[in-house]
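A.B. asks: Below is one structure. I have some questions about it.
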Amino acid sequence: MTRLITFGVVLFCLMIIGCSSPYSKNESEDILTLASKSNNFWKIVEFVEPVYPYHALSRGYEGCVNISFIIKSDGKVSSLRFLKSSLGKVFDMAALKAVSKYRYAPTKNNVSNTPIRTNIIIPFLILENVENNPSHSREVENLCKIDSAI
């Protein structure tokens, strides 16, 4: 019985440590406060085009994924999470793989390399549909917009 209680306490402590943020409270507040200013603080220097899932392309599926992430002080991406997806999880992994490879450089407004949380909508569109209807891209991206800020 004592071993079970000890195991429970250790497991609880590990869960608390695992759920804690890698940033201090002040850094976390800064990350959230600056989310809407990502373009002023960071510019993308390595963009990776997502790979369109073959099964979705062959069936003519289109959609989008809205992903939230932190741009760390070294310009790498971390703490990715899905905010919204169209068509269930059809495009989630392709979007996640692409965004995780993005790299950013600080702008002149971010001399201290302040990390921020931001989000991006990754559209998956079939070119023929966009060419036939110029507003089609915006319509698909609207499927992944969220009402409240992150």
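All of the numbers you see were taken from the coordinates with simple rules; none came from a lab. Being a predicted model, the structure only gives us computed values, none of them experimental. With ideal geometry, Cβ positions are generated from the backbone for all residues, glycine too; neighbour counts draw on all protein chains shown.
A.B. asks: Which order, highest average first, do 56-69, 125-138, 99-112 follow once you tally other Cβ atoms within 10 Å for each residue and take the mean per peptide?
C.D. replies: Averaged packing, sorted descending, gives the order 56-69, 99-112, 125-138.
A.B. asks: Could you give me the ³J(HN,Hα) list for region 82-95, computed from phi with Karplus coefficients 6.51, -1.76, 1.60 and θ = phi - 60°, whole Hz, x at Gly and Pro?
C.D. replies: With the stated coefficients, region 82-95 comes to 7, 9, 6, 9, 9, 6, x, 10, 4, 9, 4, 5, 5, 5 Hz.
A.B. asks: Based on Cα coordinates alone, diagonalise the gyration tensor for region 23-142, multiply each eigenvalue by 5, take square roots, and list the semi-axes in whole Å, largest first.
C.D. replies: Equivalent ellipsoid of region 23-142: 30, 14, 13 Å, largest first.
A.B. asks: In percent, what relative contact order does region 23-142 have, based on Cα pairs under 8 Å that are 6 or more apart in sequence?
C.D. replies: 36
A.B. asks: Could you go through region 61-66 in sequence order and give the Karplus-derived ³J(HN,Hα) for each residue, using 6.51 cos²θ - 1.76 cosθ + 1.60 with θ = phi - 60°, rounded to whole Hz, and x for Gly and Pro?
C.D. replies: So the Karplus estimates, Gly and Pro as x, are 6, 10, x, 7, 9, 9 Hz.
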